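What follows is a set of notes on a single structure, which appears directly below.
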Ligand SMILES: [Zn+2]
């Protein structure tokens, strides 16, 4: 789980489930027979997959895992052999058997609307209606208000809109047609009422025509929740299934980008924190940036939430270009807020501060960040780099945000503990920035890959060597074991500790 450490770091500022009961389809769906019951009724395949079957299963799995879900589902319907292959794919299994994560969209183009409403709203005849994607509502209690929805047919909003435009020739022609129809129905209604009143008969049996309009977007409309199921998200690079989580800093807000219904993955949460700032006491502070000015001095700038959009905030060069003119003089910390008179971003403060650094500087080598040429990003805060002092490319890990310094402090301490033990990569020196230590450099493990299930004994052996030194790794997952040339190198020691007992180590080894 490549990005998991980020989640662990943020676990006190996120929460896993929305604290509102939306009463979605998940709660109303009838129980589906378990997989084993399904299997009991599934006859073995009688047909093969033709030329595809000539490929080894591993290769077929690799090909199938590259397909999007729609294509994969279509392929699954080819025959029982295809079904069997797809059902055994771990990614497909994860998606079809998981029941977490609510997909929720405020855009009505993703909604379903009831049959009559769709035919009136877009002026569709019966034949056209018959061609549209539809779903049957499973009766039950839906929406946060717990309203009843009865069995009915819902039509896909966007398909109905497109069919309406195609049928009438243009959006304007469609709108004119539906408005004319509405006027006609309204006139017919009033004529009927007038006739009834003249003949002194009752008018309450005459039905007032329903007014058309966009679907009811209020959260109390149960039809908005009848098609919602929880679906996990597959992190393609790490091949892990993510359940999603919510931001504590947004919990009490309904103003995008700070919205209590926004659900995050580890990656999108990183962007969110960059855009809206770190969270303190349950509230977003402001975005923090480390900017190199004139190729020599580093400035730490905090920017109030919502001043720039997420693309600008996450892409260094466009942010630097969007900043107000930098203040003159000596400063390394500044704050940008909205100018109360002009409404534009401005430097509210700029000062020279003594910034925190890593104190456990046990290694004799110190290298300034300006001596490095940063290369590929390997994971959060970890980059490949080259440096004239080393023949081979190296790996640099540092704290770009001041609040991350304690994590690097712990990891630097752990490298001191394991120095010379061949457990982690070779420690090459401390990384400095204007005198203070902000990270470290280690040797790159060449031709390595992350551990796989077959490497379990190698991983246990590496972990045992760490435990024999009395050190707990604290974040054991397959991405923290690099396998190369028949041996395993442990990385990511920012959760490492020296516990007093051995119980925790037994748990970690299990
Ligand atoms: Zn937030």
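Throughout, read-outs are computed from the coordinates displayed, never taken from laboratory work. It should be emphasised that the depicted structure is a prediction, and the values quoted were computed from it without experimental measurement. Reconstructed Cβ throughout: ideal geometry from the backbone, glycine too, with neighbour counts over all protein chains shown.
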Worksheet item: Expressed as a whole percent, how much of the Cα-Cα distance distribution for region 285-351 exceeds 14 Å?
Response: 56 percent
Worksheet item: Across every pair of different alpha-carbon atoms, what Kirkwood hydrodynamic radius in Å does region 108-187 reach?
Response: 13.6 Å
Worksheet entry | Kirkwood Rh (inverse of mean 1/r, distinct Cα pairs), the chain, angstrom | 28.4 Å
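Averaging sequence separations of C-alpha pairs under 8 Å and six or more residues apart, then dividing by the length of region 379-468, give the relative contact order as a whole percent. Intermediate results must be reported in sequence, preceding the final value.
Numbers: 98 pairs, mean separation 22.1, N = 90.
After rounding, I find 25 percent.
Based on the Cβ-Cβ distance from residue 131 to residue 65, what FRET efficiency comes out when R0 is 25 Å, to the nearest 0.05?
On the way: r = 33 Å, r/R0 = 1.33.
E(calc), rounded to 0.05, equals 0.15.
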Worksheet item: To the nearest 10 degrees, how steeply does helix 266-276 sit against the main Cα axis of the chain, on a 0 to 90 scale?
Response: 90 degrees
Worksheet entry | Alpha carbon centroid spacing (whole Å) that separates region 322-341 from region 352-386 | 26 Å
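Rounded to the nearest 500, what is the 222 nm mean residue ellipticity of the chain from helices alone, with -39500 (n - 2.57) per DSSP H run of 4+ residues and division by all residues?
Details: 17 runs with 159 residues, N = 510.
One gets -9000 deg cm²/dmol as the mean residue ellipticity at 222 nm.
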Worksheet item: In whole Å, what is the distance between the alpha-carbon centres of region 144-211 and region 451-510?
Response: 67 Å
Worksheet item: Which angle from 0 to 90°, rounded to the nearest 10, does the C-alpha axis of helix 171-198 make with the longest principal axis of the chain?
Response: 40 degrees
Worksheet entry | region 285-351: relative contact order in percent, alpha carbon pairs under 8 Å with at least 6 residues between | 28 percent
Worksheet entry | Fraction of alpha-carbon pairs over 26 Å apart in region 269-385 - percent | 27 percent
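In percent, how large is the relative contact order of the chain, given Cα pairs closer than 8 Å and 6 or more residues apart?
Numbers: 785 pairs, mean separation 54.5, N = 510.
The value is 11 percent.
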Discussion item. Output the 0 to 90 degree angle, nearest 10, between the alpha-carbon long axis of helix 456-468 and the longest principal axis computed from the alpha carbons of the chain.
Written reply: 50 degrees
Worksheet, complete the sentence: Going from the fewest other Cβ atoms within 10 Å to the most, one would list 377, 192 as 377, 192
Worksheet entry | Two-site label geometry, residue 46 and residue 158: point separation in nm, points 7 Å out along Cα→Cβ | 4.0 nm
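Just the Kirkwood number for region 153-295, please: inverse of mean 1/r across all distinct Cα pairs, in Å, one decimal.
Working: mean 1/r = 0.0470 Å⁻¹.
Answer for region 153-295: a Kirkwood hydrodynamic radius of 21.3 Å.
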